[in-house]
1. Quick test of your reading of the structure: Ile226 fulfils all but one of (1) open to solvent by 20 Å² or more (accessible area, probe 1.4 Å); (2) over 20 Å from Ala347 (Cα atoms). Name the failing condition by number.
2. Looking at Asn106 and the list (1) in contact with a strand residue (DSSP E or B) (Cβ under 9 Å, 6 or more places away or on another chain); (2) surrounded by fewer than 23 Cβ atoms within 10 Å (Cβ to Cβ); (3) not β-branched (Val, Ile, Thr), which single condition is not satisfied?
3. If you scan the stretch 108-122, which residues turn out to be assigned to a helix (DSSP H, G or I) and more than 10 Å from ligand 2 (Cβ to nearest atom)?
4. Hey, among the residues in the stretch 109-124 that are under 24 Å from Gln99 (Cα atoms) and buried (at least 24 other Cβ atoms within 10 Å of the Cβ), which one's farthest from ligand 1 (Cβ to nearest atom)?
5. How many residues does the stretch 192-223 hold that are surrounded by 20 or more Cβ atoms within 10 Å (Cβ to Cβ), more than 23 Å from Leu243 (Cα to Cα) and hydroxyl-bearing (Ser, Thr, Tyr)?
6. Please identify the pairs in which a residue from the stretch 256-269 that is in the same structural domain as Asn289 (by TED's automatic domain parsing) has its Cβ atom under 8 Å from the Cβ atom of a residue that is of a type in the set (Lys, Arg) and part of a strand (DSSP E or B), counting only partners at least 6 apart or on another chain.
7. Scan the stretch 229-256 residue by residue and report those that are outside any loop (DSSP other than H, G, I, E, B) and closer than 20 Å to Met127 by Cα.
8. Could you pull out every one of the strands (runs of 3 or more DSSP E) wholly within the stretch 6-107 that has 1 or more residues that are within 30 Å of the chain's Cα centre (by Cα) and under 30 Å from Asp161 (Cβ atoms)?
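The values are calculated or read from the model by the stated rules, or taken from the named source; none is laboratory data. Predicted model, so just to flag it, every value in this text is computed and none were measured. Heads up, the Cβs are rebuilt from the backbone with ideal geometry, glycines too, and the neighbour counts pull from every protein chain shown. Protein only, heavy atoms only, side chains kept; ligands, DNA and RNA dropped before computing areas. Shrake-Rupley method; radii C 1.70, N 1.55, O 1.52, S 1.80 Å.
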Amino acid sequence: MSANIPYKLLKSECRSYTGSFNSEDVLTGVSIDSRTVKKGELFVPIIGERFDGHEFAETAVTSGAKALFWQEGRPLPETVEKINVPIFYVQDTLVAMQQLSKRYLNEVNPSVVAVTGSIGKTTTKDMVAHVLEGSLHVHKTKGNYNNHIGMPLTLLQMPKDTEVLVVELGMNHAGEISFLSQHVCPDLSVITNIGESHMEQLGSREGIAKAKLEILDGMTHEGTLIVDGDEPLLDKDYFVQKLTCSVRSAQADLFSKNIASTHDGVSFQVSNDDECYHLAMIGEHHVKNALYTIAVANHFHIDRQTVRQRLKNMAKTAMRMERLKCPNTSALLINDAYNASPTSMKAAIESIIQLEGYKRKIVVLGDMYELGDEEKSLHKSVAEVIRTPITDVVTVGEKALWIAQALTEQFDDKLKVKHFSSKEIAEPFIRENLDEQTVVLFKASRGLKFEEIIEELCSR
Ligand code: ATP
Ligand code: MG
């Protein structure tokens, strides 16, 4: 299903326009990329650091764009002028796209669920959307489109009959979540956790918590804030209703108990309900994400049986604890290479520790970026959770070396620690150690592209 954006909304966004159109006619979406623009969409040329989208307007129209935004003052090439599509002149194409998305959101008027937090946003957003989709018309952020450009694009792809919009709010700096929240005005907000990412920009965990709590800026008194009940920094009163979720404390509004790792995921019970929930993902942290999902589903009065069923059949998001059988060696490879922070790295290692049925457990850990002044101690802190039954630790990169050093200091003669300066050198070593009794976890910051080691291991 595509969006339904009437020309009249574009008209109210611009100062002048050329070309003819019927105000009631609709555009089926908005694109800022001439390579992927679809037939019937509005093309919005964005002026970036390296490229100016206006240069690709002609290509966009050839590919089927039905209208253009054009930034005033930008010369209009003759080739574009000759093309017979309406051109809407705006002061700033990015701002105009943001405002258009706001108008369109008001027109569609769905309930809005916003997800922020240091880690687990995409996983939780996808889980919430998947569970609600069983009962309602849901539209969600695609992949990681979670910033001041991705969010408007998400809204402008929303079908007209959307009942619930589930959006991910991302940030690098203070103020960003506030902007995004005021843009969508969430009815329900989730703060998955407070970690250490972006310490560089925000100074401390308190600073990070404050930035995530900017999500309140777009909410009204009728809203509900769902938070990590295991995080003291979020244990406050707010002007909205607060709902806590915990994997440790039965004091929380919603809590899990009897968490058990199974060969194909994790099972658990919730609060006073005796029935088991099951997830095809491994790791206690996903139980937390499931609790947030259950809290949201309760808000929409989805019955428990449906929630249980939907959680059970949710497919994994790629590169987040994705399980792969290595074709030539039958070893189990766990691809968690999408990104890493100390919290998520420790959670991933903990899941490998809990996993049953493997004699050899290897964790391949790479550098974690954007950790600020504390980066050395934060890397070293990962060593604290490493213990038997982990048998081998392979570190890759100059920052991950700190993990290896900390492990050598805490000396455990059952643990083999090996350091490599690059993934290319590490790969043959990992390969030598694979067999069907072995499980290997791959975890590092996005920049290291650890999935390439897995591709290499599986290809030969
Ligand atoms: P980004 O800031 O890159 O958008 P994100 O917040 O969307 O990240 P995800 O992509 O959902 O986070 O997950 C990132 C990594 O953290 C994955 O490896 C995932 O398995 C792990 N993870 C997910 N949820 C949690 C959690 N609640 N606690 C710890 N780790 C988690
Ligand atoms: Mg994300």
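1. Among (1) open to solvent by 20 Å² or more (accessible area, probe 1.4 Å); (2) over 20 Å from Ala347 (Cα atoms), the lone unmet condition for Ile226 is (1).
2. Unmet condition: (1).
3. Just the residues of the stretch 108-122 that are assigned to a helix (DSSP H, G or I), to begin with: 108, 121-122.
Listed by number, the list holds a single entry, Val108.
4. Quick first cut of the stretch 109-124, residues under 24 Å from Gln99 (Cα atoms) only: 109-116.
Right, trim to buried (at least 24 other Cβ atoms within 10 Å of the Cβ) and you get 113-116.
Values: Val113: 15, Ala114: 13, Val115: 8, Thr116: 8 Å.
Only one residue tops the list, namely Val113.
5. Going through the stretch 192-223 one residue at a time, the tally reaches 1.
6. Phe268/Lys257; Gln269/Lys257
7. Initial filter on the stretch 229-256 (outside any loop (DSSP other than H, G, I, E, B)): 232-234, 241-246, 254-256.
Those that are outside any loop (DSSP other than H, G, I, E, B) and closer than 20 Å to Met127 by Cα: Leu243, Thr244, Cys245, Ser246, Leu254, Phe255, Ser256.
8. Numbers: elements: 16-18, 67-71, 87-90.
Once the strands (runs of 3 or more DSSP E) in the stretch 6-107 are filtered for at least 1 residues that are within 30 Å of the chain's Cα centre (by Cα) and under 30 Å from Asp161 (Cβ atoms), what remains is 67-71.
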